[in-house]
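Report on the structure given below.
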Amino acid sequence: MRNFADVQKLILNQSKDEWSQQQDFSGCDLRGIELREVNLSGANFRGADLTGANLSGSILTNANFIEADLTQANLSHANLSYANLCGSCLWRSQCINTNFWGASLCGVDFTEADLNKATLIEASLIEAKLIKTNLTQAKLCGAILLEANLNEANLNSADLTWANLTKANLFYANLWNTKVIYAKLRATIMPEGSICHPDIVISY
């Protein structure tokens, strides 16, 4: 992992606009870094430590965050459409109004994260951890939540239309006013602990 001092020098010597030219941040120590409203589309943050980083409002489309540490990072209002965050940690991160449209989020740890009004349309959340995650009014239309853990997640007024929740864990989850039209709930563990029939697809 690169030294934080080296990265800090780069920050001091470049304007925010020039950050878009420095696309490879793989393995960097970027803990607590301020990168608000920066265009970093397609940047490589693979394996980087972004604990407590502020990326709010930034453009991060198609960025690579595979196995990055985004613990308690602020990604609110950022655009991460089609970004790859597989295996990354976003424990207690702030993702309010964040755009994850079509993003690869397989195995991501969103435990206790705030995804209020986040867009996760057609995102892949296979085996993702969404334990005690706030997904109030989140848009999850067509999202793939195969074997995802949503234990005690708050899905109040969320939209799960056409979402695939096969073998997902919704035990103690809040589904008040949640839209589940045409959602696949095959062998899904429901909030009260019951398991849906393998062939159930809700169409109302």
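Rounded to whole Hz and in sequence order, give me ³J(HN,Hα) for region 28-35 from the Karplus expression 6.51 cos²θ - 1.76 cosθ + 1.60, θ = phi - 60°, writing x for Gly and Pro.
For region 28-35, the Karplus-derived couplings read 6, 8, 10, 4, x, 5, 9, 9 Hz, x marking Gly and Pro.
Which whole-number percent is the relative contact order of region 90-204 (Cα, under 8 Å, 6+ apart)? Write out the running numbers ahead of the final one.
Working: 407 pairs, mean separation 19.4, N = 115.
Relative CO of region 90-204 lands at 17 percent.
Quick one: which residues, 5 or more positions from Val38 or on another chain, have an amide H under 5 Å from its amide H? H modelled 1.01 Å from N in the peptide plane, none for Pro or chain starts.
Ser58, Ile59
Given a Förster distance of 35 angstrom, what is the FRET efficiency for Ile195 paired with Ser157, based on the Cβ-Cβ distance and rounded to 0.05? Please list the in-between numbers first.
Numbers: r = 25 Å, r/R0 = 0.71.
The calculated FRET efficiency here is 0.90.
Is the shape of region 122-171 rounded, prolate or oblate, going by the alpha carbon gyration tensor and its root eigenvalues a ≥ b ≥ c, with a/c under 1.5 for rounded and a/b larger than b/c for prolate?
Details: a/c = 1.73, a/b = 1.02, b/c = 1.70.
Oblate is the answer for region 122-171, as a/c is 1.5 or above yet b/c matches or exceeds a/b.
So in region 121-200, what percent of DSSP beta bridges are antiparallel if you round to the nearest 5? Please list the in-between numbers first.
Working: 1 of 11 bridges.
Here the share of antiparallel DSSP bridges comes out near 10 percent.
Quick check: net charge around Glu147, other residues with Cβ under 15 Å of its Cβ, Lys/Arg +1 and Asp/Glu -1? Walk me through the numbers before you get to the answer.
Working: positive: Lys129, Lys167, Lys184, Arg186; negative: Asp109, Glu127.
Its environment carries a net charge of +2.
Would you mind checking which residues have amide H under 5 Å from Ala173's amide H? H placed 1.01 Å from N; only 5 or more apart, or other chain.
Answer set, sorted by chain and number: Glu152, Ala153.
How many angstrom separate the Cα center of region 40-54 from the Cα center of region 141-188?
First find each Cα centre; the distance between them is then 28 Å.
Starting from the amide H of Cys28, placed 1.01 Å from N in the peptide plane, find each other amide H under 5 Å away whose residue is 5 or more places distant or on another chain.
Arg2, Ala48, Asp49
If r is the Cβ-Cβ distance from Glu34 to Tyr172 and R0 is 45 Å, what FRET efficiency results, to the nearest 0.05? Before the final figure, lay out each step's value.
Values: r = 37 Å, r/R0 = 0.82.
Using R0 = 45 Å, I get an efficiency of 0.75.
In the neighborhood of Glu112, defined by Cβ-to-Cβ distances under 12 Å, what is the net charge if each Lys or Arg adds +1 and each Asp or Glu adds -1? Can you show the working numbers first?
On the way: positive: Arg92, Lys129, Lys132; negative: Asp109, Asp114, Glu152.
Neighbour charge sum, excluding Glu112 itself: 0.
Using only the Cα atoms of region 38-98, what do you get for the radius of gyration and for Dmax, in Å?
Cα only, region 38-98: 9.9, 25 Å (Rg, Dmax).
When the Karplus curve 6.51 cos²θ - 1.76 cosθ + 1.60 is applied with θ = phi - 60°, which whole-Hz ³J(HN,Hα) does each residue of region 115-125 get, with x for Gly and Pro?
10, 4, 6, 6, 9, 10, 4, 6, 7, 9, 10
Please get the size of the charge dipole for the chain, origin at its Cα centre, with Cβ charges of +1 on Lys and Arg and -1 on Asp and Glu, quoted in debye to the nearest 20. Intermediate results must be reported in sequence, preceding the final value.
Details: 15 positive and 20 negative charges, 62 e Å.
Computed charge dipole of the chain: roughly 300 debye.
Calculate, in nm to one decimal, what Tyr182 and Asn62 gain on full extension: separation in residues at 0.36 nm each, minus their alpha carbon distance. Provide the component values of the computation, followed by the final result.
On the way: separation 120, 0.36 × 120 = 43.20 nm, distance 2.88 nm.
Working it through step by step, the gained length comes to 40.3 nm.
For region 183-194, in order, what is each residue's ³J(HN,Hα) by Karplus, 6.51 cos²θ - 1.76 cosθ + 1.60 with θ = phi - 60°, in whole Hz (x at glycine and Pro)?
6, 8, 10, 7, 6, 7, 7, 7, x, 8, x, 6
Read-outs: derived from the displayed coordinates by stated rules, not from any lab. Everything numeric in this text was worked out from a predicted model, so none of it was measured. Reconstructed Cβ throughout: ideal geometry from the backbone, glycine too, with neighbour counts over all protein chains shown.
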